[in-house]
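Down below is the structure, laid out as structure tokens.
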Amino acid sequence: MDEFIFGANILENLTTGMYQDSKVIYREYIQNSCDQIDKAVRDGILKQNEGFIKIWLDHEKRNITIEDNATGIPEAEFKRTLGNIADSDKKIGEDKGFRGIGRLCGLAYCKELIITSSFNEEGIVSILKCDAKKMRRLIDEHARGMKHTANDVLQAIYQFEQKKEKNSASHFFKVELIDINPENTDLLDFQQVKDYLSFVAPAPYQSSFHYRSKIYNHAKELGTKIDEYNITLDGEQIFKKYTTILKDPNGETYDDISDVELKDFKNENGELLAWMWVGVCSFKKSIPPKNNPMRGLRLRKENIQIDGEDSLQNLFKEPRGNGYFIGEVFAIDKELIPNSQRDYFNENKARNDLERELKKYFNEDLQKIYNVGSEVNSAYNKIETFERKNAEFKTKEINKSFLDDTHRKRELKNVQESKEKADAAQETIKKAKEKAGILAQKVISKIEAERPLSVAKPVFHPLNAKSHENRKFSKYSQNERKIISKIFSIISTVADPETAELIIKKIEDKL
């Protein structure tokens, strides 16, 4: 039988060419550690919650270390397990990783990759040293015509060693990336790595996210669980960065999550495909990306994020709709299999079923609630604008602040037009409440609680109570007041009402 050759370029595809974001290496190594921690718990090597994954960044030496206390690899299997490519013993649909290529990803970003492991009770430390710099040179030579097979490259860069371990009960697996490339300095940036892991990694929710218990309880009711692991970065534990506060780009709070809505997705046989939670807020506007890292509905399998915050946005009729929400979709069906880049699922019936159910919920339920939220908030804005303008008019009336009768009539007309818009807004709110479903009713109730209608009171200035002259402009002559009035009239003619009102008010205050 003919022997077919894998050229060196296959290694480039599995390392440098596999991922767009270098920080993906953390996800790949954490994923492998999680699988081994699960196995260690099943085999009785670890008790539940005893497993850990520790990441250390050495800025001075430009090294990264990722270590777990899981099973490790038996000495007899070490060379085969790490030396062979895409030949994993893991099972599809059961383990988080199964292709046997993730361990190679670090080769693209450092000069040397060292993998060290010890298996429980063996007392032997197995070591694999990979010359990453040499690998990239050989791949470059191959691209320039000096042909190398993938096997040639691996034979040239692999170095296997063993040594005795003093503690025979020791069991661990450690990956070291030695001398990170200058162009990949972001891998050593603590804040960037922490922010990345805070959503990608299978970490627990932070304690300030008050709805985590409701989410955990729903998972339990479904007979499933959210996989969570003790992951630390330079000794600091990683948590998912979900909060109940939404902030504007200036860092000011403009809304909050008052509840989470839970939804299950099943196929035609009634089997669970996935489930999700989504935060309920007032939906005043699309959530600004700045200061809101949890923005968007995120897709997860085994609690590891699939792609980024926008992985589900194309399932909305209006892709912008994804930006109004925070939440997570947990894929459950074993046939929902992440692709090799883990940026979506392999195409199959389970994926098609899930997309169909998600589209239905996103576009029949979620789209309605952010539209209702936007509509009702806009209506309240119009009502509050009328209240403010009406109060300001009455205040000017009491305090004799109008320049002349023309000025007064113009202001009164402005108030009357605003009242018409407010009356229409009241009708909009009424109709929205009549048509609203259960979820939309929650949104409207939240808005009503935050923005109760109250008519603003006019401000009465006691010094002006007995006077009928315009004290605000009394220092100006009659001709000067006429000129000011004409200026106000011109501004009202050429500018839109809101801009004209703002300019006139600024002039009044200055005068």
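The values are calculated or read from the model by the stated rules, or taken from the named source; none is laboratory data. From a predicted model like this one, the values you see are computed outputs, not experimental measurements. Because the Cβ atoms are built from the backbone with ideal geometry, glycine has one as well, and the counts that use them run over all protein chains shown.
Numbers at a glance
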item: Pairs with Cβ under 8 Å, 6+ apart, first in the stretch 263-288 and under 18 Å from T243 (Cβ atoms) and at pLDDT below 95, second among the basic types (K, R) and exposed (fewer than 15 other Cβ atoms within 10 Å of the Cβ); result: S286/R320
item: Top-ranked residue of the stretch 291-325 - restricted to ones that are in a loop (DSSP other than H, G, I, E, B) and small (G, A, S), ranked as modelled with the lowest pLDDT; result: G308
item: Residue within the stretch 255-264 that is aliphatic (A, V, I, L, M), touching a Gly at 6+ places or on another chain (Cβ under 6 Å), closer than 19 Å to P293 by Cβ and not in a strand (DSSP E or B) present; result: yes
item: Test set (1) in contact with a Lys or Arg (Cβ under 9 Å, 6 or more places away or on another chain); (2) surrounded by fewer than 16 Cβ atoms within 10 Å (Cβ to Cβ); (3) within 28 Å of L46 (Cβ to Cβ) - I114 fails condition number; result: (2)
item: Selection count, the stretch 234-266, where residues are closer than 19 Å to Y205 by Cα, of a type outside the set (S, T, Y) and touching a Cys at 6+ places or on another chain (Cβ under 8 Å); result: 3
item: Residue match in the stretch 67-75 (condition: more than 30 Å from A143 (Cβ to Cβ), part of a strand (DSSP E or B) and either at pLDDT 95 or above or not small (G, A, S) (or both)); result: yes
item: Yes/no for T185 being over 24 Å from I37 (Cα atoms), assigned to a helix (DSSP H, G or I) and polar (S, T, N, Q); result: yes
item: Residue list for the stretch 225-258, filter: modelled with pLDDT under 95 and farther than 15 Å from I287 by Cβ; result: K225
item: Top-ranked residue of the stretch 395-432 - restricted to ones that are under 21 Å from I487 (Cβ atoms) and aliphatic (A, V, I, L, M), ranked as modelled with the lowest pLDDT; result: L403
item: Search result, residues across the stretch 382-402 that are under 25 Å from I429 (Cα atoms) and either of a type in the set (S, T, N, Q) or touching a strand residue (DSSP E or B) at 6+ places or on another chain (Cβ under 6 Å) (or both); result: T385, N390
item: Residues of the stretch 126-182 that turn out to be farther than 30 Å from I231 by Cα, free of Cβ contacts under 8 Å to residues at least 60 places away in the same chain and surrounded by 16 or more Cβ atoms within 10 Å (Cβ to Cβ), as a count; result: 1
item: Test: residue in the stretch 434-450 that is modelled with pLDDT of 85 or more, part of a loop (DSSP other than H, G, I, E, B) and on the phi < 0 side of the Ramachandran plot; result: yes
item: All positions within the stretch 339-384 that are small (G, A, S) and either under 16 Å from L315 (Cβ atoms) or part of a helix (DSSP H, G or I) (or both); result: A350, G373, S374, S378, A379
item: Qualifying residue in the stretch 103-116 (condition: among the hydrophobic types (A, V, I, L, M, F, W, C), touching a strand residue (DSSP E or B) at 6+ places or on another chain (Cβ under 8 Å), at pLDDT below 95 and not in a strand (DSSP E or B)); result: yes
item: Among the candidates L233, L246, residue that is within 21 Å of I304 (Cβ to Cβ), surrounded by 12 or more Cβ atoms within 10 Å (Cβ to Cβ), of a type outside the set (S, T, N, Q) and touching a Phe, Trp or Tyr at 6+ places or on another chain (Cβ under 8 Å); result: L233
item: When residues of the stretch 132-152 are limited to those that are within 24 Å of N84 (Cβ to Cβ) and basic (K, R), the one modelled with the lowest pLDDT; result: K147
item: Cβ pairs under 8 Å, 6+ apart, first in the stretch 320-332 and closer than 13 Å to R300 by Cβ, second among the polar types (S, T, N, Q); result: F330/T224; F330/N303; I332/T224
item: Subset of the stretch 311-328 (residues that are within 20 Å of P338 (Cβ to Cβ) and loosely packed, with under 15 Cβ neighbours inside 10 Å); result: N314
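Listed here are the residues, each with its yes/no results for (1) loosely packed, with under 15 Cβ neighbours inside 10 Å; (2) under 19 Å from D343 (Cα atoms); (3) out of contact with any Pro (no Cβ under 9 Å at 6 or more places or on another chain); (4) modelled with pLDDT under 90.
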{"site": "M18", "(1), (2), (3), (4)": "no, yes, yes, yes"}
{"site": "I64", "(1), (2), (3), (4)": "no, no, yes, no"}
{"site": "F78", "(1), (2), (3), (4)": "no, no, yes, no"}
{"site": "I85", "(1), (2), (3), (4)": "no, no, yes, yes"}
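Residues are listed down the side, and each one gets a yes or a no for (1) under 30 Å from A379 (Cα atoms); (2) surrounded by 19 or more Cβ atoms within 10 Å (Cβ to Cβ); (3) out of contact with any helix residue (DSSP H, G or I) (no Cβ under 9 Å at 6 or more places or on another chain):
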residue: I215; (1), (2), (3): no, yes, yes
residue: K220; (1), (2), (3): no, no, yes
residue: T224; (1), (2), (3): no, no, yes
residue: D255; (1), (2), (3): yes, yes, no
residue: S258; (1), (2), (3): yes, no, no
residue: N267; (1), (2), (3): no, no, no
residue: F283; (1), (2), (3): yes, yes, no
residue: P289; (1), (2), (3): yes, no, no
residue: R298; (1), (2), (3): no, yes, no
